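Chemist: Here it is, the structure, as structure tokens.
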Amino acid sequence: MKTHKLNIARIISIILGTLLIALATNGINIPNKLLTGGVSGISILLHFLFNFKVSLLVILLNIPIFILGFLFLKKTYLAYSLFGMLMLSFWLEVTHEFVIPVGNILSIVLIGGALHGIGTGLIFKYDGSTGGTDIIAKIINKYFSINMATITFVINLLIIALSIYFFDIDIAVLTITTMFISSTITNFAVDGLN
């Protein structure tokens, strides 16, 4: 029988990373009508359209994704992803009234992108996940050898298209800029200067 040791560094990175993502989401993105990538971005969009709780939507939208993951991915990865998704939902709920008081567009995209990027980088550095599109990308990568970054990029393009459709081009441009900053910082956190 195989035993699995809990990886304390992985757990701590998921807890801290999801807290930073929640602070970016509630503190910057939602007050400024910006979306993020993946399931969180779809959850924020549904929040804007129907006033649903983002924390609850993250869980509900992840249920079918985790069922697929259970069928196709390693259980250890899924266990840490489930923990990540639940921690993200927890922090989104705990910080839902937290707002970072910024009014300058440059500050909005830099602070939002930096917080999100550092949080995501912490999680990815220790092979963690918050579920959602990470699981979808991992399944497609495993069976079709399509790069995970490409899959995530395509999903995020769809979210940006929805942002343009439901809001306006200015919000979409700010969303893209925030995503770019977040992605750049995530890559730096994971890979360093390589």
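The values are calculated or read from the model by the stated rules, or taken from the named source; none is laboratory data. Model, not experiment: these values are computed from the prediction. Note that each Cβ is placed from the backbone with ideal geometry, even for glycine, and that neighbours are counted across all protein chains shown. When the accessible area is computed, the model is the full protein with side chains, heavy atoms only, and any ligands, DNA or RNA have been set aside. Shrake-Rupley method; radii C 1.70, N 1.55, O 1.52, S 1.80 Å.
Chemist: Specify which labelled value, from (i) -0.38, -0.55, -1.05, -1.16; (ii) -0.30, -0.45, -0.99, -1.13; (iii) -0.42, -0.60, -0.98, -1.05, agrees with log10 I(q)/I(0) by the Debye sum over Cα atoms at q = 0.09, 0.11, 0.16, 0.17 Å⁻¹ derived from the coordinates of the model shown.
Modeler: Derived directly from the coordinates: (ii).
Chemist: For the chain, modelled as a GNM with alpha-carbon contacts under 10 angstrom, which of N104, N141, N32 fluctuates the most?
Modeler: Among N104, N141, N32, the largest mean-square fluctuation in the Gaussian network model of the chain belongs to N104.
Chemist: Helix 38-50 versus the longest principal axis of the chain: what is the Cα-based angle in degrees, 0 to 90, to the nearest 10?
Modeler: 40
Chemist: Between the stretch 90-123 and the stretch 13-80, what is the C-alpha centre distance in whole Å?
Modeler: That distance is 14 Å.
Chemist: What pairs from K53/K138; K53/K142; K74/K142; K74/K125; K33/K53 go past 22 Å between their alpha carbons?
Modeler: K53/K138; K53/K142
Chemist: Lys and Arg at +1, Asp and Glu at -1: add these up for the other residues within a Cβ distance under 15 Å of V58 and post the number.
Modeler: Once all neighbours under 15 Å are counted, the net charge is -1.
Chemist: Residue-wise, which Karplus ³J(HN,Hα) couplings in Hz belong to the stretch 127-142, taking 6.51 cos²θ - 1.76 cosθ + 1.60, θ = phi - 60°, and x for glycine or proline?
Modeler: Residue by residue, the stretch 127-142 yields 6, x, 7, 10, x, x, 5, 4, 5, 4, 5, 5, 5, 4, 4, 5 Hz.
Chemist: Here is a follow-up. What whole-number value in Å² describes the accessible area per residue of the chain for a 1.4 Å probe?
Modeler: 54
Chemist: Taking the Cβ of F124 as the centre, find all other residues whose Cβ is under 10 Å away and add up their charges (Lys, Arg: +1; Asp, Glu: -1).
Modeler: Net local charge, F124 excluded: -2.
Chemist: Then there is this: With the chain treated as a Gaussian network of Cα nodes joined by springs under 10 Å, which of T150, T130, T178 yields the largest mean-square fluctuation?
Modeler: Among T150, T130, T178, the largest mean-square fluctuation in the Gaussian network model of the chain belongs to T150.
Chemist: I'd like the FRET efficiency for V173 and V94, computed as 1/(1 + (r/R0)^6) with the beta carbon distance as r and R0 of 41 Å, rounded to 0.05.
Modeler: 0.85
Chemist: Ignoring ligands, DNA and RNA, please state the percent of accessible area on the chain from carbon and sulfur, probe 1.4 Å.
Modeler: That share works out to 72 percent.
Chemist: So what's the net charge close to L174: Lys and Arg +1, Asp and Glu -1, counting the other residues with Cβ under 15 Å from its Cβ?
Modeler: -1
Chemist: Test of understanding: extend the Cα→C-beta vector of T184 to 7 Å, then name every residue of the stretch 82-117 with backbone N under 11 Å from that spot.
Modeler: Within reach of a label on T184, which here means backbone N under 11 Å from a point 7 Å along Cα→Cβ, the stretch 82-117 contributes 110, 114.
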